[in-house]
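Here is the structure we will look at.
The values are calculated or read from the model by the stated rules, or taken from the named source; none is laboratory data. Computed from a predicted structure; not experimentally measured. Heads up, the Cβs are rebuilt from the backbone with ideal geometry, glycines too, and the neighbour counts pull from every protein chain shown.
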Amino acid sequence: MNPYLIKAPIKINFSEINNENYKILEHEFYSLSEAEADPIAHWIKLKKASGEIDDNLKIVVDMLVELNRKIDRLENIIKKDNIIKFVLLDFTGDIESIGFEYFKLSKDLSQDKKYYGRINLNIYPPREIPMFFKVNDNLCKIEKMHERDERDWASYLRAKERVIIREGRK
């Protein structure tokens with residue numbers, strides 16, 4: 001198995017899944033879903049789907065939503081309230097290359113083990129992207145990721161491809 005991978009240095013925090021931590025990690029995964037972690041964006045998505053927000057205004061609406069999120073985060077920091085507390089994961093690693101369903105870490109992990117990880121892609125708006133993955137043949141196969149995160153992962157991969165193509169022309 002040789003999936004298509006491109007160079008993309010990204011940091012990942014991860015833990016091996018076991019009987020003791022599975023429920024906690026699964027709870028965090030679902031709490032970071034679009035509807036839970038970002039109710040404003042979820043509401044906007046529903047309004048766009050119903051046609052109440054014109055595509056021409058999408059950028060302005062997205063910028064206003066992001067400003068609102070920042071204000072909410074600052075307010076929560078000041079009040080020391082409702083700050084997202086992530087589960088402390090056991091390891092930090094470096095992803096050296098990515099594909100649509102796979103990625104490769106710079107260090108090898110135990111074969112046929114399942115892991116939970118969070119990455120912070122260089123995307124807008126910034127957020128932690130949770131995923132479950134399994135290691136096989138020194139490749140990590142993404143087994144579960146939220147739909148919005150899958151789209152952002154694919155967009156990030158395509159953007160990296162474009163950079164590599166442009167650099168190859170020079």
Search result, residues across segment 19-64 that are assigned to a loop (DSSP other than H, G, I, E, B) and either under 19 Å from the mean Cα position of the chain (by Cα) or more than 22 Å from ILE119 (Cβ to Cβ) (or both): ASN19, GLU20, LEU32, SER33, ASP38, SER50, GLY51, GLU52, ILE53, ASP54
Residue satisfying all of: in segment 95-122; charged (D, E, K, R) and over 15 Å from the mean Cα position of the chain (by Cα); nearest to GLU161 (Cα to Cα) among these: GLU96
Unique residue being at pLDDT 85 or above and under 13 Å from the mean Cα position of the chain (by Cα) when the list is PHE86, PHE91, PHE133: PHE133
So ILE77, is it farther than 18 Å from TYR116 by Cα and either exposed (fewer than 11 other Cβ atoms within 10 Å of the Cβ) or of a type in the set (S, T, N, Q) (or both): no
Criterion (modelled with pLDDT under 75 and of a type in the set (Val, Ile, Thr)) met by exactly one of ILE71, ILE40, ILE77, ILE59: ILE40
Residue within segment 25-34 that is at pLDDT below 90, farther than 27 Å from ARG158 by Cα, among the small types (Gly, Ala, Ser) and surrounded by 12 or more Cβ atoms within 10 Å (Cβ to Cβ) present: yes
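Yes or no, residue by residue, for (1) surrounded by 11 or more Cβ atoms within 10 Å (Cβ to Cβ); (2) part of a helix (DSSP H, G or I):
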residue	(1), (2)
GLU66	yes, yes
LEU88	no, no
THR92	no, no
GLU96	yes, no
LYS107	no, no
Any pair with Cβ under 7 angstrom, 6 or more apart, that starts in segment 40-51 at a residue that is closer than 13 Å to ASP62 by Cβ and ends at one that is part of a helix (DSSP H, G or I): ILE40/VAL65; ILE40/ASN68; ILE40/ARG69; ALA41/GLU34; ALA41/VAL65; ILE44/VAL61; ILE44/VAL65
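Rundown of residues vs (1) farther than 16 Å from ALA154 by Cα; (2) of a type in the set (Ser, Thr, Tyr), yes/no style:
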| site | (1), (2) |
| --- | --- |
| ASN76 | yes, no |
| VAL87 | yes, no |
| TYR115 | yes, yes |
| ASN120 | no, no |
| PRO130 | no, no |
Positions within segment 120-161 being over 12 Å from PHE29 (Cα atoms), touching a residue at least 12 places away in the same chain (Cβ under 8 Å) and aliphatic (A, V, I, L, M), in sequence order: LEU121, ILE123, VAL135, LEU139, ILE142, ALA154, LEU157
Residue among ILE164, ILE59 that is among the hydrophobic types (A, V, I, L, M, F, W, C) and within 14 Å of ALA8 (Cα to Cα): ILE164
Tabulated pairs, segment 76-91, first under 18 Å from ILE12 (Cβ atoms), second among the basic types (Lys, Arg) and at pLDDT 80 or above, C-beta under 7 angstrom, 6+ apart or interchain: PHE86/ARG118; LEU89/ARG118
